[in-house]
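Worksheet: the structure to be examined is printed underneath.
The values are calculated or read from the model by the stated rules, or taken from the named source; none is laboratory data. Being a predicted model, the structure only gives us computed values, none of them experimental. SASA here: full protein model, heavy atoms, side chains in, ligands and nucleic acids out. Shrake-Rupley method; radii C 1.70, N 1.55, O 1.52, S 1.80 Å.
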Amino acid sequence: MLISLSNVAPLPMGTLIEYIERLEIVQLAANIYTLGPEEGHAQAWSNLVDLFLHCTTCRAPNCHFVRTEAYENSLRSKLEQNSLWNNVVHSLLERARTTAASDGGGSAKAKAIKGQWVAWTQLGKELGLVYKPPPPSALVSTLRGDIDGCWFAECERHGKVDEETEGKLLRCSACRRAKYCSSACQQK
């Protein structure tokens, strides 16, 4: 399936919509982009995102991928789910910065990441999505990974795993990962 998609094989638009909705192909591509693909698979996943972009932007009358509202709605819905598109844009930006810092940005890897960022960003923009950087506190928390209890390190509930604490925690509306017991802890 991936090979036929990544080679832009003439699939009916209904099949592509089914891949998006039932096989979670958008989530798979996002995961690969976020984690960084193995060298051998990078081009196939980039081709897949290029296919999504082509199907979103192409207006040629002889193209076998005719842009439909059902396709756009399906793709937009998957990209908006759990801020998927936004999170991948942020992840690619971070990977590009890290790679540029380590090799000056001129390597093939840095260029590939930039290409992925351009394609992923353009795909979202074509569907009307707008990048919203996560708040600084969420960036720090993301680097630390998931933390039990309140994420504010000086809070008495920080690191606690019990029913009472978990029942009182609120989730950050921006990143949806960080948990806080009060707005005061969230702002610190």
(request) Over region 49-113, with every protein chain in place, what whole percent of the accessible area is carbon and sulfur at 1.4 Å, could you tell me? (result) 52 percent
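Rank these residues by their accessible area, most exposed first, probe 1.4 Å: Ser83, Ser102, Ser74, Ser183. Mind showing how you got there, number by number?
Values: Ser83 30, Ser102 95, Ser74 5, Ser183 70 Å².
Ranked list, largest accessible area first: Ser102, Ser183, Ser83, Ser74.
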(request) Kindly give Rg over Rh for region 83-134, based on alpha-carbon atoms, with the Kirkwood expression for the hydrodynamic radius. (result) 1.01
(message) Below 22 Å, Cα to Cα, which lysines can Lys132 reach? Residues fewer than 8 away in the same chain don't count.
(response) Lys78, Lys114, Lys179, Lys188
